[in-house]
Amino acid sequence: MFAGLAFLILILCGMPIGFAIGLAGVVGLIDMGGMQFLAIGSSKIFNSLNIFPFLAMPFFILAGEVMNGIGITNRLVRLAQVLVGRFRGGLAHTNMLASVFFAGLTGSATADAAAFGRTLVPAMVKEGYKRDYACAVTAAGSIIGPTIPPSGLMVVYGSLMGVSIAGLFAAGVLPGLVICLVCMAVIVIGGNRENLPKAVRGASLKEVWTTFVGSLTALAMPVIILGGILGGVVTPTEAASIAVAYAVFIGFFVYRTLKLKAFFQMLVRTARITGVIFVIIAFAGILGWWMSFERIPQMIAESVLTLSDNRYAVIAIIIGLLLIVGMVMDITAILIILAPVLVPLTEQVGLEPIHAGIIFVLALNISLMTPPVGACLFVLSSVTGEKLERISLKLMPFLLAEVTILFIFAFWEDAALLLPRAFGFAN
């Protein structure tokens, strides 16, 4: 009780989420058994991080940093443009398709939002798009990144809950592609209302082929990662390290745009991003142990089941909770705190572990673009100078479409598990 109250007070006071979790855990330990229980804290912190698949996270982050830094983004945007630029609102469609290509490199929504906020948004404004709409399209497409593998959130979930990371990767492909197609449909439907630019001359087959060949080095990255993992050749951690080696080789010896100074800065950024995530994970070990000791997951499960034991009602409650909490809190912290609490509930209603995992990941990814603290909204607002509330208003049709997709995959198990079953990761 005291730990939960301490956590809320610290968050309201503006303390960084990782330290708020850690101090709340300390309060919980003292409440359980006095000061002598603090000796347990260090072992819980160590055990929280002593999970081999976590090594994949810094490698995936570094691979994305390198591929983004050596000019891969521009090649992928150009490929998307020659494929869909011929339609009305071509740059908006390009933005969405480029997010699919970019997903296989970084697996980060904020990296996608930052990269396209600096490149595609100004290009869209120059061509006649309203800046708030251009930012909304970019935000809507940015969550494709952590949905289509590699996804850091999937690595965290799979490691913490003992679920196959490869299975989660397989489960993320179809929802990511569906999000892209549905958002492109939203762009088409809103074309007249938003007065999107008319279609321009389409690229010739020769231009398409030349651009495709020039993008092969970038497109090979997701093939290396996904092909190796789904084919059972390498683990996610091994695939991530191979991806880094490939990206560095391309940057130094093929494109020759990667310099040692820039590479060092990429290593520093990777360390900072990884450090923030690992601090949250480490301190969450203390809070999680306190919650288990107090039987909080079991009590929440029992409380929800007293409201309804209907499978679909329980799924809807879980999704609603994740979306609401995601509006005001960091998604990695939410996953670490709520997954151990809510997963037992999904097990009681017969949800397959990978299916439950993809519901968590989709819901939390969507919360990245919901106000008031949606990370992608803040990134785009800071990069482009557009007001956050204007972006949020233009984002509403895309947000509604993506929440609908979330519920479809949550309720339709066969669709959610189509690829995991095809590759033997689910029954």
Original post:
What is the one condition in (1) free of Cβ contacts under 8 Å to residues at least 24 places away in the same chain; (2) surrounded by 14 or more Cβ atoms within 10 Å (Cβ to Cβ) that Ser204 does not satisfy?
Top reply: (2)
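For (1) at pLDDT below 75; (2) part of a helix (DSSP H, G or I), each residue gets a yes or a no:
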{"residue": "Met15", "(1), (2)": "no, no"}
{"residue": "Ala20", "(1), (2)": "no, yes"}
{"residue": "Ile30", "(1), (2)": "no, yes"}
{"residue": "Ile40", "(1), (2)": "yes, yes"}
{"residue": "Phe46", "(1), (2)": "no, yes"}
{"residue": "Ala56", "(1), (2)": "no, yes"}
{"residue": "Leu62", "(1), (2)": "no, yes"}
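Scan Leu377, Leu364 and give me the residue that is in contact with a Pro (Cβ under 7 Å, 6 or more places away or on another chain), crowded, with 24+ Cβ neighbours inside 10 Å and among the hydrophobic types (A, V, I, L, M, F, W, C). Talk me through it step by step, then tell me what you get.
Details: Leu364 fails: in contact with a Pro (Cβ under 7 Å, 6 or more places away or on another chain).
The conditions single out Leu377.
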**OP:** Sort out which residues of the range 70-100 are open to solvent by 30 Å² or more (accessible area, probe 1.4 Å) and either modelled with pLDDT under 80 or among the basic types (Lys, Arg) (or both), and write them in order of number.
**Re:** Asn74, Arg75, Arg78, Gln81, Arg86, Phe87, Arg88
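Could you list, in sequence order, the residues of the range 230-244 that are surrounded by 13 or more Cβ atoms within 10 Å (Cβ to Cβ) and of a type outside the set (S, T, N, Q)? Walk me through how you get there before you give the answer.
Just the residues of the range 230-244 that are surrounded by 13 or more Cβ atoms within 10 Å (Cβ to Cβ), to begin with: 230, 234-244.
Matches in the range 230-244: Leu230, Val234, Pro236, Glu238, Ala239, Ala240, Ile242, Ala243, Val244.
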**OP:** List every residue pair whose Cβ atoms lie under 7 Å apart, where the two residues are 6 or more positions apart in sequence or sit on different chains, the first residue falls within the range 241-269 and is under 16 Å from Gly214 (Cα atoms), and the second residue, located anywhere, is in a loop (DSSP other than H, G, I, E, B) and open to solvent by less than 50 Å² (accessible area, probe 1.4 Å).
**Re:** Ile250/Ile70; Gly251/Ile70; Gly251/Leu258; Tyr255/Ile70; Tyr255/Gly71; Thr257/Ile70; Thr257/Gly71
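Out of Thr210, Thr119, which single residue is without any contact (Cβ under 8 Å) to a residue 24 or more places away in the chain, part of a helix (DSSP H, G or I) and out of contact with any Leu (no Cβ under 7 Å at 6 or more places or on another chain)?
Numbers: Thr119 fails: without any contact (Cβ under 8 Å) to a residue 24 or more places away in the chain.
Within the list Thr210, Thr119, the selection yields Thr210.
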Subject >> Boolean, Ala247 is closer than 29 Å to Leu168 by Cβ and at pLDDT 80 or above >> reply: yes
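Mind telling me which of the residues Ala426, Ala410 ends up being within 21 Å of Tyr312 (Cβ to Cβ), in contact (Cβ under 8 Å) with a residue 60 or more places away in the chain, of a type in the set (A, V, I, L, M) and assigned to a loop (DSSP other than H, G, I, E, B)? Can you show your working first?
Details: Ala410 fails: assigned to a loop (DSSP other than H, G, I, E, B).
Of the residues listed, the single one that is within 21 Å of Tyr312 (Cβ to Cβ), in contact (Cβ under 8 Å) with a residue 60 or more places away in the chain, of a type in the set (A, V, I, L, M) and assigned to a loop (DSSP other than H, G, I, E, B) is Ala426.
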Original post:
Does Met221 satisfy being part of a helix (DSSP H, G or I), farther than 30 Å from Val27 by Cβ and open to solvent by less than 40 Å² (accessible area, probe 1.4 Å)?
Top reply: yes
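The values are calculated or read from the model by the stated rules, or taken from the named source; none is laboratory data. Since this is a predicted model, take the numbers as computed values, not measurements. Please note: Cβ atoms are built from the backbone with ideal geometry, for glycine as well, and neighbour counts cover all protein chains shown. All accessible areas refer to the heavy atoms of the entire protein, side chains included, with ligands and DNA or RNA removed. Shrake-Rupley method; radii C 1.70, N 1.55, O 1.52, S 1.80 Å.
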